[in-house]
Amino acid sequence: MDGIVLKVVYAILSLILIFNYGMLVIGVTAKIVARAHGRIGPPFYQPYIDLLKSISMRTSVHHGVMFWLGPVFRLTGGIGLYMLIPAVYGSEWLQNFSFSGDLILVIYFIFFGMLGMALGAGESGHPFSAMGIMRGLAHTTASEVPFALAIIAVAAQYHTLSISDIVAAQQGGIGHWTLMTNPLATLAGMLAYLGMMMHSPFDLHMAPQEIPVGPVTEYNSSYLALMQSNRSIFASAKLILFMNLFFGGATSIPEMVVKTFLIFFFCVFVGVVFPRFRVEQSVRWFLKLPTMIGVLAVVIYTVHG
Amino acid sequence: MDKEKDGVLATIEEARKSFNEQDYYCQELPKTVQPVANKIVRGFYNWAQANSLWILGFGTGCGSIELPPLFTPRYDVARFGIFPRPTPRQAGVFIISGYLSVKTLKRVIRSYEQMQNPKFVLGLGSCTVNGGMYFDSYNTINRLDYYLPVDVYIAGCMPRPEALMKGFETLKEQIRAGKAEGANHYVENLEWYKANQKQIIKDWDMPEYNW
C-alpha cells in the first residue's frame, strides 16, 4: 500500500482505539466513583448509550453558524492534539503524525478547541455560557503558565522539541523517566495537568451548583454528541501527552492503558478530596506555587543543562 | 438634549411593546418528526433512549423532595442510566413533582418546549392527576394532561422513591415499545394545548412556542 494511504489508515485506526479507550475510561471512572460512594453505579458502557441517545434525538436547535462550528472546532482540537502525539513508542500504527517540532504545536492545539468553543457557546447567548467561558478561559490561561514552563524545562533538558525524541530519551527503566531526572518540571506539569483536566477543584467552568454545565448549556442533540465524543478523545490525548512527557511513554498498549489510567486517577483523587476553587483563587494558585516551581525547573535546566 | 430624550422615549416605547411584537423570538410553530423508518435502527435508538434518561432538574412542588434520594446509595437510579441534567436543552424527562401553581405552569411550559424531541413527562403525585389535596385551590391546576402530554402518572401523596423508580420502569417499557410519543402528540394537538394553557396563564408574555 502507498505510504501516505497506509498512514491515513493507521491514523483512523489509532483514532478509533483512542476514542473507545476514552469512553471506557470515563465509564469505568464513573463506576469506581459510584463504588466509593457505596452505590452500584451506571454500567461501564453508559457513555456509549449517552452518545447514542444524543445522536438519536430527532430535533436540534441552533443559534447561528458559530454555534455549529463550536463543537467542530473543539473536536478538531481534540483530534489534532491526539494526531500529533505518539501514543505508543515504537509502534508503527500508533505513532501518529509525530514530527520534530510537535511539542510547540501541541501547546497550541490544547488551547485551540477551547477558543472555538468560546466563540460557539458565546453565540448561544445564554448567560451561563458566557460566565462559563469567562471562567474557563481565565483559568486555562493561568494553568497554561506552569504547563508551558514545564515543557520548556523538559525541552531544555532533552535538547529537543520532538515528543518522540523525549520518549526515546526516557527509555531504559524508571530511573530514566522525567519524573526521576527532572522532578521539578514533573511537579509543575502535573499541577498544571490538574487544571487542564478541569476536574474538581478546577471544574469552575462547569461549576455544577452555580452555573450548571456552563458553556454547553444551550448545546443539544447532535451538537452535544460531537462534544461527548470530543470529551473522550481530548481527555485521553492529554493523558497520553503527560505520560509521554513525564512518565517514560509506553512501549505497548497495556502499558499505555495502565499508565494513563493511573495518571487519570491522580486528578480523580484530587477532585474527590478538594472542593471547588473560585476563579480568582484558581488563577492565583496557578500563578503562585506551580509557576514558581516551573520557573525553578527552567532556571536549573537552562543554566546547568 | 431633546434628541436624547427622544431616544430614551423610543426605547421605552419599544419595551412597552408586547413580546410578540418585538423581534426577539422565533415565531415559527413546531412540526412533528416521525421516528426513523428502519425498524432495526428505530429499536436500537429506542433502547438507547430508554437507557439514558436525563431528568430536567426542575422541582415544581413538594414532590421534588423525593428526587434527591434517588441519587443516594439507597436508591441509586444512576445504575438504570438516569441522571439529573440542569438544562432543558439536554434533558429528556420532565418530572412534574406535585402541585403546579399557575406561576410555575408558565415556566414549565417554557422549559418543556425547549426540550428536544423525543421528550417524556412524568406526573409525580396525586396533585398532577386530579389536583390532590389542592383540588379547590385558586392558584394550582388540577389536571396536568390538559396542559402537557403526560406519559406516566405516579399516584400518591407523596409517592415513595420506590414508586418513582417503578414509574421510570414503566416509562422505559413505553419508550422501548415506541409508544412514548408525547412530543409529537403535543405538536399535533398544539392548538388544544395552547387554548388550555392560555385559559390559565392570563399574562401570556411569551411567543406561541418557546424554541
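Readers should treat all values here as calculations from the given coordinates under stated rules, not as data from a laboratory. Since we're looking at a predicted model, the values are computed, not measured. Cβ: placed from backbone, ideal geometry, glycine included. Neighbour counts: every protein chain shown.
Things to note:
- Projected label points at A:Val272 and A:Ile300, each 7 Å from Cα along the beta carbon direction, are separated by 3.1 nanometres.
- The modelled label-to-label distance for the pair A:Met134/B:Tyr146, using points 7 Å beyond Cα in the direction of Cβ, is 4.4 nm.
- ³J(HN,Hα), Karplus 6.51/-1.76/1.60, whole Hz, each residue of the range B:177-183, x for Gly, Pro: 7, x, 9, 8, 10, x, 4
- The calculated FRET efficiency for the pair B:Cys157 and A:Trp93, based on their C-beta separation and a Förster distance of 35 Å, comes to about 0.05.
- Contact order for chain B, expressed relative to its length and based on alpha carbon pairs under 8 Å spaced 6+ residues apart, stands at 24 percent.
- DSSP-defined beta bridges in the range B:54-200 - what % are antiparallel, rounded to 5: 10 percent
- Shown for A:Asp102, B:Asp145: other C-beta atoms within 10 Å of each C-beta, ranked fewest to most, produce the order B:Asp145, A:Asp102.
- Available extension along the chain between A:Val9 and A:Phe111 is 34.0 nm, counting 0.36 nm per residue and deducting the alpha carbon span.
- CD proxy at 222 nm, helix term only [per DSSP H run n ≥ 4: -39500 (n - 2.57); per residue of chain A; nearest 500]: -24000 deg cm²/dmol
- Residue-wise HN-Hα coupling along the range A:146-155, computed from phi with Karplus coefficients 6.51, -1.76, 1.60 (Hz; x: Gly, Pro): x, 5, 4, 5, 4, 5, 4, 4, 5, 5
- Distances between placed amide hydrogens fall under 5 Å for B:Tyr153 paired with B:Gly123, all partners being 5 or more residues away or on another chain.
- Going from the residue with the fewest nearby Cβ atoms within 10 Å to the one with the most, B:Thr128, B:Thr170 rank B:Thr170, B:Thr128.
- Counting only Cβ charges, +1 for Lys and Arg and -1 for Asp and Glu, the dipole size of the protein assembly as shown around its Cα centre is about 1100 debye.
- Pairwise centroid distance, computed over Cα atoms, of the range B:46-88 with the range B:174-211, Å: 22 Å
- Remark: the range B:67-78, residue by residue, has Karplus-estimated 3J(HN,Hα) of 7, x, x, 4, 9, 8, x, 5, 10, 6, 6, 4 Hz, where x stands for each Gly or Pro and the curve is 6.51 cos²θ - 1.76 cosθ + 1.60 at θ = phi - 60°.
- Amide proton proximity set for A:Asp203, modelled H, under 5 Å, gap of 5+: A:Phe277
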